[in-house]
Amino acid sequence: MSFKTVERRPLSLAERTYVPQILSGMKTTFKKMVKPKETLNYPEARPPIPPGYRGVPTLVKDPNGREKCVSCQLCEFVCPPKAIRITPGEIPPDAETAHVEKAPEEFEIDMLRCIYCGLCQEVCPEEAIWLQNVFSVSGYTREEMVNDKKRLYELGGTLPDDHYKWDKKKAAEEAGNPHH
Amino acid sequence: MMEFYFELPLWLRLTVQGLAVIAVLFPLAGACSMAERKVSAWIQGRPGPSRAIVPWLAWIPGISLLQKLGVFHFTADGGKMFLKEDVAPGSVNKFYYYLAPLIAVVPALCTVTFVPFGAYWDAATETMKPLVLANVDVSMLAVFAVASLGVYSLILAGWASNSKYPFLGGVRASAQLISYELSMTLSVLPVFLWVNAPGGEGSLSLIHVVNTQAQPGLWGGMWYVFLMPLSAFIFLVALFAETNRQPFDMPESEADLVGGFHTEYGELKWGLFFVAEYAHMFVGSAIFMILFCGGWHPFPWLPLDTLLGWLGGIAPIFLNPVVSGVIAVGIFLAKLIFSIFVFMWVRWTLPRFRYDQVMKLGWQKLLPLSIGNLIFYAVAIAIIERS
Ligand code: SF4
Ligand code: SF4
């Protein structure tokens, strides 16, 4: 292994007075002083969120406005801190999306429990639950910190859908291929 | 107006003058704490306190600039300090505990009496008359004497708090202040040796020092910082130590002493310590500017008299005593504010010395240096004035 011995010279007179060092330090700080500020004025200015950021978990709708969650409860089972509580419900047979059969009646995520692990997003077969950009949650009571279904859809909004799996299924059924 | 003022009894005039000076100095000392926060923020790349605003003033155009500068934070801080509950820990010696902050403020503000802070054009005698509260012949000595009383407040605070950290802070403060006082006093002696030419009347007056820096000619117009750079340097270093500023803020060093001598203090009592510290800084910088940087004269080789003479040629209003006084005080204040800024700038640049380093620097470096400096200038001045 090659290494270099650093030569340690005794301090020169100028160095022992500290003055040149102090002046160069002051030069550095002065440069900092006139440079633009490095901090954000936080609540007004927000940091850019990188793609793939795991913020607050939310429920999303597909571009047709259908709620994607089919209340399979996989996310409820996988959630390590048991932050998710789902009450499954039926979709009424006269509804347009009746072929989907199930939808959550109530869907609650307790943000005091959630650890932002993203497992719910990973496990969801319907791509219905997404961890999105919201990173700052606050509230005055414990109840406020539980996001109910309405709030979850508000936060989630609509995300593009690559598959339209239920539409395809319905089309296949109508074309006489029930096992699609 | 002027005639009316000069017809008032002397005691009333002096009281008004004194209150006027204090009314300027006290808020300035408070505003310094704000400036300190702002300067530290800028150096660290932050905007600093810039949010507070009085809601019913928010409509005034341009007020957001004041808001950005944190002016309302300063008033809010001050208000908070006045309104806070006055608590004293049960273990302290109540009498001395309350006395200490007062002893800190009183000498700090008293020194101002002896510091000339400007001059005005007296049309009757066609000369500049100094503006000072007490025009005494020993003003330099008086400033040193009264300013060093401030150390008692630190010792008292440390001792009366009846707890370890303040006690250590008080001990350190007294040791440090005494050590650096010597070098400080020795470093100003060459100035007075030079100012008091043999045969003339001896004087320790600060006004005299300012006037001698405003004489005609190459040597006469030279500020003493050019003539005696080493003296100025020693004085400045000692000044940093005397005002307990970084890198010499041993008495407070929060890393090892929590808060130092004011650990047990809160609300207004604590605020008074800080007003005292900043007042010391102001007076110290004023002395530095007077001794070494020409006081209220705007530039070396350009005394204020000459400048006012030129301006008076353009518009006679500049020779009005009030206007010329305001100009002189303005120049002096600008120099002071610059020097306070340097104090803060240094504070946020340098790390703190260790206690033994402070002592070593004071006794083994600065003191011999200032003695050598004194001997050198004594000999040099003797030779120059002999020839
Ligand atoms: S969000 Fe996804 S995993 Fe959770 S219940 Fe709905 S469909 Fe199932
Ligand atoms: S991100 Fe993790 S902890 Fe939060 S709800 Fe989803 S699975 Fe549960």
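The values are calculated or read from the model by the stated rules, or taken from the named source; none is laboratory data. What you are looking at is a predicted structure, and each value in this text was computed from that prediction instead of being measured. Please note: Cβ atoms are built from the backbone with ideal geometry, for glycine as well, and neighbour counts cover all protein chains shown.
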Does B:G78 satisfy being surrounded by 20 or more Cβ atoms within 10 Å (Cβ to Cβ) and either under 25 Å from the mean Cα position of the chain (by Cα) or over 25 Å from B:F261 (Cβ atoms) (or both)? no
Where residues in the stretch A:91-132 are within 11 Å of the chain's Cα centre (by Cα) and within 13 Å of ligand 1 (Cβ to nearest atom), which of them is nearest to the other protein chains (Cβ to nearest Cβ)? A:L131
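Evaluate the following for B:I287: is it more than 21 Å from the chain's Cα centre (by Cα), touching a residue at least 40 places away in the same chain (Cβ under 8 Å) and within 22 Å of B:A145 (Cβ to Cβ)? Break it down into steps so the answer makes sense when it comes.
Numbers: more than 21 Å from the chain's Cα centre (by Cα): no; touching a residue at least 40 places away in the same chain (Cβ under 8 Å): yes; within 22 Å of B:A145 (Cβ to Cβ): yes.
No: the conditions fail for B:I287.
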If A:P81 satisfies all but one of (1) within 15 Å of ligand 2 (Cβ to nearest atom); (2) surrounded by fewer than 19 Cβ atoms within 10 Å (Cβ to Cβ); (3) within 21 Å of A:G157 (Cα to Cα), what's the number of the condition it fails? (3)
May I ask you to list the residues in the stretch A:4-23 that are among the charged types (D, E, K, R) and within 13 Å of chain B (Cβ to nearest Cβ)? A:R16
Take B:P316 and decide whether it is in contact with an Asp or Glu (Cβ under 7 Å, 6 or more places away or on another chain) and not aromatic (F, W, Y). no
Would the stretch B:62-75 turn up any residue that is modelled with pLDDT of 80 or more and either loosely packed, with under 14 Cβ neighbours inside 10 Å or among the small types (G, A, S) (or both)? no
Please find, within the stretch A:82-120, the residue that is nearest to A:A172 (Cα to Cα) out of those that are in contact (Cβ under 8 Å) with a residue 40 or more places away in the chain and part of a helix (DSSP H, G or I). A:H99
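B:S183: outside any loop (DSSP other than H, G, I, E, B) and surrounded by fewer than 20 Cβ atoms within 10 Å (Cβ to Cβ), yes or no?
Values: outside any loop (DSSP other than H, G, I, E, B): yes; surrounded by fewer than 20 Cβ atoms within 10 Å (Cβ to Cβ): no.
Taking the combined requirement at face value, the residue does not satisfy it.
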Go through the residues of the stretch B:124-138 one by one and say whether even a single one is in the same structural domain as B:R172 (by TED's automatic domain parsing), in contact (Cβ under 8 Å) with a residue 60 or more places away in the chain, crowded, with 18+ Cβ neighbours inside 10 Å and touching a His at 6+ places or on another chain (Cβ under 8 Å). no
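Please indicate, with yes or no, whether at least one residue in the stretch A:31-46 is of a type in the set (A, V, I, L, M) and more than 14 Å from chain B (Cβ to nearest Cβ). Walk me through how you get there before you give the answer.
Taking the stretch A:31-46 as the starting set, the residues that turn out to be of a type in the set (A, V, I, L, M) are A:33-34, A:40, A:45.
Still in the running and more than 14 Å from chain B (Cβ to nearest Cβ): none.
No, every residue in the stretch A:31-46 fails to be of a type in the set (A, V, I, L, M) and more than 14 Å from chain B (Cβ to nearest Cβ).
So that you can scan it fast, the table gives a plain yes or no per residue for (1) assigned to a helix (DSSP H, G or I); (2) within 14 Å of chain A (Cβ to nearest Cβ); (3) under 30 Å from B:W348 (Cα atoms):
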| residue | (1), (2), (3) |
| --- | --- |
| B:K38 | yes, yes, yes |
| B:S50 | no, yes, yes |
| B:L66 | yes, no, yes |
| B:F74 | yes, no, yes |
| B:A88 | no, no, no |
| B:I103 | yes, no, yes |
| B:T111 | yes, no, yes |
| B:D137 | no, no, no |
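Filter the stretch A:30-59 for residues that are assigned to a loop (DSSP other than H, G, I, E, B), touching a residue at least 12 places away in the same chain (Cβ under 8 Å) and within 16 Å of ligand 2 (Cβ to nearest atom) and give the result. So that I can check it myself, show each step before the final result.
Just the residues of the stretch A:30-59 that are assigned to a loop (DSSP other than H, G, I, E, B), to begin with: A:35-56.
Keeping just the survivors that are touching a residue at least 12 places away in the same chain (Cβ under 8 Å) gives A:49, A:53-56.
Scanning the stretch A:30-59 gives A:Y53, A:R54, A:G55, A:V56.
Yes or no, residue by residue, for (1) surrounded by 19 or more Cβ atoms within 10 Å (Cβ to Cβ); (2) of a type outside the set (S, T, N, Q):
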| residue | (1), (2) |
| --- | --- |
| B:A147 | yes, yes |
| B:S153 | yes, no |
| B:G170 | yes, yes |
| B:I178 | no, yes |
| B:N196 | no, no |
| B:Q215 | no, no |
